[in-house]
Every structure is written in C-alpha cells, then in structure tokens.
Amino acid sequence: MALRMVFLGPPGAGKGTIAQRLVESRGLAQISTGDLLREEAAKGTPLGKKVREIMDKGAFVDDATVGALVEGKLKALGGNGFILDGFPRTVEQAEMLEKILAKISLKLDAVVDVEASDETIISRLGSRVQCGKCGMVYNLKTLQPQEDGKCDDCGGKLVRRDDDRPEVVKMRLETYRKKTAPLIGYYEKKKLLRVVDANSTIERNMANLEKALAGL
Ligand code: AMP
C-alpha cells in the first residue's frame, strides 16, 4: 500500500532519521521541508538568502514559500507513498496541506508524533552532523559515518547545521511548543495520530514506530 504520512515532533527527536529508514523499507519518498529550504538557501538566490536568514534565527519561513515547495514535490510523486518530514508546522499549514492533497485527490493515512525528552533532544543536536550533498543525518556519538567527515552514501562532506547552536535550539524548541504542538490535538481529532517514543536507540525507536504503524 502507498502510505501517505506526516511526521511531527520537536527538532532533534529523530523524525528525519527514522523517516529515512522507513522510506527505505517501505519504498516511500521523504519530503523534508528543512532539506528543501537548505537546498534553496545554498543556491544563494535572493529567495535563498532570505530563507537562510530566517532559518539561522530558528524562525519559520513563510507559508507561501514552503507551501509551493511541498505542492511541487507532491504533484511530482504521482501515486507514490510519502513521508512529510517537517511540514505542516502550524495549524494553518495543516489546512494548506489538506487543500493541496484534495487538489490531487489524495488523503493522509497517518500522522506520526515522534516524541523525545528535552534531555535527549539537546544531547542529539549537540552531536548531529549532516551531509551537505544528500542530506543524510549522522550522530557523532551514536550513528557515526564509516569515514570521518564523509557521507557513507554519497561521499559528500558532513557539516554541522548553523541552527543547531544551543541558543537557536532553544528558540526552535519554544517555537515548536507554541506553534507545532497544537497539531497533535488537531490530528488526534481527525483520528490520524500515532505516537512513537523515540528516546532510545535507533533500532528500538524503529521497533516502536513499526508497532505504532501496525495495520498500515
Ligand atoms: P528542520 O530541518 O525540519 O529542523 O527545519 C529547519 C528550519 O527550516 C526550521 O527551523 C525553519 O526555519 C525552516 N522550516 C522547515 N520546515 C518549515 C515549515 N514547514 N514551515 C516554516 N519553516 C520551515
């Protein structure tokens, strides 16, 4: 079955990492708005420069920009299943997503809330690095690359994200609680919500995820 899902959860909870694994095991497409925006920022266009400034502060990029990126990607997918990682981040964006999906006659099958404690999050973000080329995420303590500083998958250079600095992380967590956490209740009411405890190792977190997705 072509699963269509949204992954919610605070920054550093491991959404991207467990989404990446599920994408491989179930043949889905991963649409990470953070990665799409980082690609845009790297282009250095006027839009890219504006996006970088906003991301470096830990604030949200405007809905029109993010919505257009997501709509383009979803339309290009055809009948393929997908995981939306990092979108929607507000109730307004969730309403926007419903409209985009209605236009292409699709519906969500599940919304996964990836939960981790503040302690886990701060420790993970402090040792996170990401491939500048393909976006693969590593952790210098728990998920090391085979070769120092180099992506196992594509050989790209591994870099720290500018917005993983402690003062920006604090801001991103506050923004998450205020603007994104209300989506948990929003999707619970729609009977789409599945909660996953992601405080443990990747293997255990994956087992929790598979359990939460039972029947899908
Ligand atoms: P992420 O990689 O998901 O942690 O996203 C990194 C940054 O990209 C966020 O802190 C925001 O600045 C921006 N961003 C990602 N997704 C969205 C979104 N759905 N709406 C607004 N800004 C976003």
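The values are calculated or read from the model by the stated rules, or taken from the named source; none is laboratory data. All figures in this text were calculated on a predicted structure; none of them were measured in a lab. Counting neighbours? That spans all protein chains shown, and the Cβs are built from the backbone with ideal geometry, glycine included. Remember, those area values only see protein heavy atoms, side chains included, never the ligands or the DNA or RNA. Shrake-Rupley method; radii C 1.70, N 1.55, O 1.52, S 1.80 Å.
Of all residues being touching a Gly at 6+ places or on another chain (Cβ under 7 Å) and modelled with pLDDT of 95 or more in region 171-216, which is farthest from Gly86 (Cα to Cα)? Just the residue, please.
The selected residue is Asn205.
Listed here are the residues, each with its yes/no results for (1) in contact (Cβ under 8 Å) with a residue 40 or more places away in the chain; (2) farther than 19 Å from Asp164 by Cα; (3) within 12 Å of the ligand (Cβ to nearest atom); (4) among the aromatic types (Phe, Trp, Tyr).
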{"position": "Pro11", "(1), (2), (3), (4)": "yes, no, yes, no"}
{"position": "Leu22", "(1), (2), (3), (4)": "yes, yes, no, no"}
{"position": "Ser25", "(1), (2), (3), (4)": "no, yes, no, no"}
{"position": "Gln30", "(1), (2), (3), (4)": "yes, yes, yes, no"}
{"position": "Leu36", "(1), (2), (3), (4)": "no, no, yes, no"}
{"position": "Glu40", "(1), (2), (3), (4)": "no, no, yes, no"}
{"position": "Lys43", "(1), (2), (3), (4)": "no, yes, no, no"}
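Within 22 Å of Ile184 (Cα to Cα) and free of Cβ contacts under 8 Å to residues at least 12 places away in the same chain: which single residue out of Asp109, Asp62 fits that description?
Result of the check over Asp109, Asp62: Asp62.
Would you point out which residue out of Leu158, Leu143 is open to solvent by 10 Å² or more (accessible area, probe 1.4 Å), over 29 Å from Lys211 (Cα atoms) and of a type outside the set (Ser, Thr, Tyr)?
Selected residue: Leu158, the only one of Leu158, Leu143 that is open to solvent by 10 Å² or more (accessible area, probe 1.4 Å), over 29 Å from Lys211 (Cα atoms) and of a type outside the set (Ser, Thr, Tyr).
Could you list, in sequence order, the residues of region 50-76 that are more than 8 Å from the ligand (Cβ to nearest atom), within 18 Å of Lys103 (Cα to Cα) and charged (D, E, K, R)?
Those that are more than 8 Å from the ligand (Cβ to nearest atom), within 18 Å of Lys103 (Cα to Cα) and charged (D, E, K, R): Glu71, Lys73, Lys75.
Can you pull out every residue in region 171-216 that is open to solvent by less than 60 Å² (accessible area, probe 1.4 Å) and closer than 13 Å to Gly14 by Cβ?
Within region 171-216, Val196, Ala198, Ser200, Ile202, Asn205, Met206, Asn208, Leu209 qualify.
So the check is Cβ under 7 Å with 6+ separation or different chains; which pairs have a first residue in region 81-102 that's crowded, with 19+ Cβ neighbours inside 10 Å and a second one that's charged (D, E, K, R) and outside any helix (DSSP H, G or I)?
Note: pairs meeting the criteria are Phe82/Arg4.
Working only within region 55-90, note down all residues that are within 19 Å of Gly132 (Cα to Cα) and in a helix (DSSP H, G or I).
Across region 55-90, the qualifying residues are Met55, Asp56.
Regarding region 29-42, can at least one residue be identified that is farther than 21 Å from Lys133 by Cα and open to solvent by less than 30 Å² (accessible area, probe 1.4 Å)?
Checked against the condition, which is being farther than 21 Å from Lys133 by Cα and open to solvent by less than 30 Å² (accessible area, probe 1.4 Å), region 29-42 yields no hits at all.
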